[in-house]
Amino acid sequence: MKEDNELIGKYSTESQILHGEFTTEKWDYSHHIIPPISCSASYRLDSVERGALGFEDFARPSQIEHAPIYVYDRLDEPTRSMLETRLAKVESGEVGVCFATGMAAISAVFGVCLRTGDRVTGHTTLYGCTFSLFENWFPRMGLGVDLVDMRDLDKLRDAIRPETKTVYFESPANPTLELIDIAGVRTVLDEINADRDESDRVRMVIDNTFATPFCQRPIEIGCDIVLHSLTKNIGGFGTDMGGVVVTSSELEGDLLLYRKDFGGAMSPKVGWQILTYGLPTLPIRVRHQTRSAYKIAEYLENNPKVARVNYPGLESFVQADLARKQMLDFDGDFAPGNMIYFELASDKREDAVSFLNWIGKNSYALTLAVSLGQLRTLVESPTNMTHFVVSDEAKEKSEMSPTGIRMSVGIERAADIIADMESAFESI
Ligand SMILES: Cc1ncc(COP(=O)(O)O)c(C=O)c1O
């Protein structure tokens, strides 16, 4: 029975991301509990012909019918490859390609989807380094960007030009947690693509890092490409950096080629950690974090020192209906995730700074730090930290307030987090 991958389908996704498949094209799992780790920059070849075939296979990954031939880590590698198979499955895609960081995955997506002269239509609220990629590097590469509020699908439709090849967004968006209607964007792109050649079609790309595949699987709703910073909740423990692109097999060859030539490959040791510790524990971590996030968001909502709380789980969340439509866990239950954004009632930037400084110096259950999706609850000020380099105009368009605070809820007891928040509020 264990040899038969067909039978695995009757088990829940949650069990499958722990056990994986018993046999794969990549490795024999059936005699391991913990997946094997490989640490080999290059691989022993018993003939020049085998080496030649390895390179030939690399150029046509979807057509290989024999066991994989590994030649050199940067091309392909068994441990990372097992993680890729599992991430593709969890995100309902055909293939996954892992990179050294989330930014390397984002760069790879643009690298394979765009040619000089092409444009991207993006949502106005994005992670700071994605903004930086658009502002600092796109002009040098002859690529253009049009940022529009994609919550309004008419604005999206109007922004797409003949040169536009990619529509790019995060949902929930970093840091303000705005949502984009994935099915709605699909409808707009289907209308536009109906008049385009297959090779010219606009692709929909989502950075699904904030949601994680536990809370949202965008390919099932119509996205073409899903990417993640694995440094966050999929890695889960804050020990390693990584990124992944999940998509259809059509782009696999180009993504592997991009990784081979630009070189941002994930270390197999990191791949093994995420495969062994991060991904299998994602559901239990996010479920726990989400339960706490509800309590913390409600506490913040009732706090007179807070002007606005954005948490997709709150009934007051402006896009609550959309959240309930597209943020669903593996069982189809509503899964609003572990990220909260709130703004202080004070409009003074200094109050947010002293609130966070107080936390930095005095809190135990709250940690002043960038990044997210770790075991510890992390808080930061987007306008002063992660999104500091974003222009004031872009900050305004993305509705980021100088007193806005981003919180990634961890696995501490919710009451401890709230007690530390209470003390921090008393300090301002
Ligand atoms: C939404 C989002 N995407 C991408 C990244 C980049 O990931 P990495 O730091 O792994 O390059 C981040 C980092 O914070 C992020 O928040």
- [ ] Those residues that are within 16 Å of D420 (Cβ to Cβ), touching a strand residue (DSSP E or B) at 6+ places or on another chain (Cβ under 7 Å) and of a type in the set (S, T, Y), I need them from the range 327-381; list them, please.
- [x] T367, T377
TODO: Output the residue which, of all residues in the range 94-129 that are of a type in the set (S, T, Y) and closer than 25 Å to E178 by Cβ, is surrounded by the fewest Cβ atoms within 10 Å (Cβ to Cβ).
DONE: T101
TODO: Return yes when G93 is in contact with a His (Cβ under 7 Å, 6 or more places away or on another chain) and under 27 Å from S229 (Cα atoms) and no when it is not.
DONE: no
- [ ] Of the conditions (1) out of contact with any Ser or Thr (no Cβ under 7 Å at 6 or more places or on another chain); (2) modelled with pLDDT of 95 or more, Y72 clears all except one; give me its number.
- [x] (1)
Open item on the list: Can you pull out every residue in the range 43-79 that is of a type in the set (V, I, T) and out of contact with any Lys or Arg (no Cβ under 7 Å at 6 or more places or on another chain)?
Closed with: V48, I64, V71, T79
- [ ] Would you please list the contacts, defined by Cβ atoms under 9 Å and residues six or more apart or on different chains, that run from a residue in the range 221-244 that is within 14 Å of S92 (Cβ to Cβ) and aliphatic (A, V, I, L, M) to a residue that is assigned to a loop (DSSP other than H, G, I, E, B) and more than 11 Å from the ligand (Cβ to nearest atom)?
- [x] I225/G93; I225/S248; V226/E91; V226/S92; V226/G93; V226/R217; V244/E91
Task: Residue satisfying condition, being under 30 Å from Q63 (Cα atoms), assigned by TED's automatic domain parsing to the domain that holds V205, among the hydroxyl-bearing types (S, T, Y) and without any contact (Cβ under 8 Å) to a residue 40 or more places away in the chain, within set T101, T85, T116 - done: T116
Open item on the list: Being modelled with pLDDT under 90 and assigned to a helix (DSSP H, G or I): is that true of I33 here?
Closed with: no
TODO: Would you mind stating whether V145 is surrounded by fewer than 24 Cβ atoms within 10 Å (Cβ to Cβ) and over 23 Å from V318 (Cβ atoms)?
DONE: yes
Open item on the list: For the range 189-220, give me the residue count where each residue is without any contact (Cβ under 8 Å) to a residue 12 or more places away in the chain and assigned to a helix (DSSP H, G or I).
Closed with: 4
- [ ] Scan the range 39-65 residue by residue and report those that are closer than 15 Å to E252 by Cβ and exposed (fewer than 12 other Cβ atoms within 10 Å of the Cβ).
- [x] A59, R60, S62, Q63
Open item on the list: Can you say whether D321 is part of a helix (DSSP H, G or I) and surrounded by fewer than 22 Cβ atoms within 10 Å (Cβ to Cβ), as far as the supplied structure shows?
Closed with: yes
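The values are calculated or read from the model by the stated rules, or taken from the named source; none is laboratory data. Please read all numbers here as calculations on a predicted model, not as lab measurements. Please note: Cβ atoms are built from the backbone with ideal geometry, for glycine as well, and neighbour counts cover all protein chains shown.
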